[in-house]
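Here, each number is a calculation from the coordinates, and none is a lab measurement. Remember, it's a predicted structure, so these values are computed and weren't measured experimentally. Reconstructed Cβ throughout: ideal geometry from the backbone, glycine too, with neighbour counts over all protein chains shown.
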């Protein structure tokens, strides 16, 4: 197994094509050497969100200072499809899950939105970024999703780029099934999943009046917010995104 | 809000159409009265996995003994589509999540399967049943998914009903996209998601040789087991199951 063992992947905020050596911060060095028990000369894959993925060898300068020696490029840079996720933050574990799953399911941008029935207003952008980096490392993305600061739903709708279609998951079931609504001719899209309490009447009326917004349903069972996120993104990737045949 | 407040839903293992009174066990009584703070005469929805959903009123016989008085039927019995999930148990939290999400996403039966690379062999069927009941209560199912004892993958394949198409999620990407493979003419189906280490060569060879088994892919990012479960079930429900227009 050891020869075929999956290499550890690491996001590094550094130029990987021009630089031969990439210094590791304390957290990264601790992870590689103490948690993953790597030794000097062990191989690691690194990516930086704009140049692709590179094979590197771990090197130590001193007992506590480590760097990566860049050996060769393994994959080109590539962006995930241009799909955004707008979600109303829920409880901590569920929100963590949403960030992780949305990253794995290949979103380009994540925007926490505050709606009338949003039960959590403690939006920890720093935490979301750390989670999206970890999920990107694990799922083999070579790009990172952009994590936006939390925004008020009405405010974001008022300054919306009309070129981007916004699919809102309508729990009142007054919309067509998602697979039918998702439009393969529109590759700039966003998915909006409301809070567990649903959208307010005023929010639904506003969404239904916007020319760029389309309601979509995910069946008749009541899905938790994180399930609706995973379901909507999966159906979009399968029908419009990069799960289709190349 | 109080008038429109979502009523608590409870699974009860009792005849609801012939019986006027349904005794509650200690756990149910504790949940309704101590956790949810319901009082005598408060309304509850109950379902029993074969007769549908009924509006009931909580009643107390003594300080600690409670029962439900059945008032009227609110929904008929209805089964979820005939889709099974076969999954290799992973870590506790992830497995919990798989049971919960699969229930919400409307599976008829869940079978834990032991594969060569399955890292967990501690399969807690009792725990899975409790979780699937809780998820059924919350997502408004009127049926429960059947939870099977863990079985060896090879053994289950040897006695497979060939009428049921088995879609296995193929991480080696030697298969077509799931949305293309899922067949809307076959409404008896099963989805098989392997462990994080993937299927073994021998397992893949066996699966590829079986006439009832079809490989399917979910894009090129590496999905965690629980993400693959949610993604595959979502795409199936959207394209073959009951998320389509009625």
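Figures for the structure shown
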{"item": "Cα-based shape type of the protein assembly as shown, given that a ≥ b ≥ c are square roots of the gyration tensor eigenvalues and the cut on a/c is 1.5", "result": "prolate"}
{"item": "Segment B:140-246: C-alpha gyration tensor shape, a/c 1.5 cut-off, then a/b vs b/c", "result": "rounded"}
{"item": "Degrees, to the nearest 10: B:125-139 long Cα axis against longest axis of chain B", "result": "70 degrees"}
{"item": "Segment B:2-75: antiparallel DSSP beta bridges as a percent of all, rounded to 5", "result": "85 percent"}
{"item": "Label point 7 Å beyond Cα along the C-beta direction, distances from residue A:27 to other copies (nm, shortest first)", "result": "4.0"}
{"item": "Using a Förster distance of 56 Å, the FRET efficiency for residue A:174-residue A:18 (Cβ separation, nearest 0.05)", "result": "0.55"}
{"item": "Paramagnetic reach from residue B:6 in segment A:100-116 [backbone N under 14 Å; point 7 Å along Cα→Cβ]", "result": "none"}
{"item": "Burial ordering of B:223, B:166, fewest other beta-carbon atoms within 10 Å first", "result": "B:166, B:223"}
{"item": "For chain B, built as a Gaussian network whose Cα springs stay under 10 Å, the top-fluctuating residue of B:146, B:163, B:196", "result": "B:163"}
{"item": "Label-point separation, residue A:69 to residue B:65 (7 Å along Cα→Cβ), nm", "result": "8.0 nm"}
{"item": "For chain B, share of DSSP beta bridges that run antiparallel, in % to the nearest 5", "result": "40 percent"}
{"item": "Chain A, helix-only ellipticity at 222 nm - DSSP H runs n ≥ 4, -39,500 (n - 2.57), divided by all residues, nearest 500", "result": "-8000 deg cm²/dmol"}
{"item": "Position residue A:125, label points 7 Å along Cα→Cβ, spacing to each other copy in nm (shortest first, one decimal)", "result": "5.1"}
{"item": "Shape call, segment A:2-75: gyration tensor on alpha carbons, a/c limit 1.5", "result": "oblate"}
{"item": "The protein assembly as shown: antiparallel DSSP beta bridges as a percent of all, rounded to 5", "result": "40 percent"}
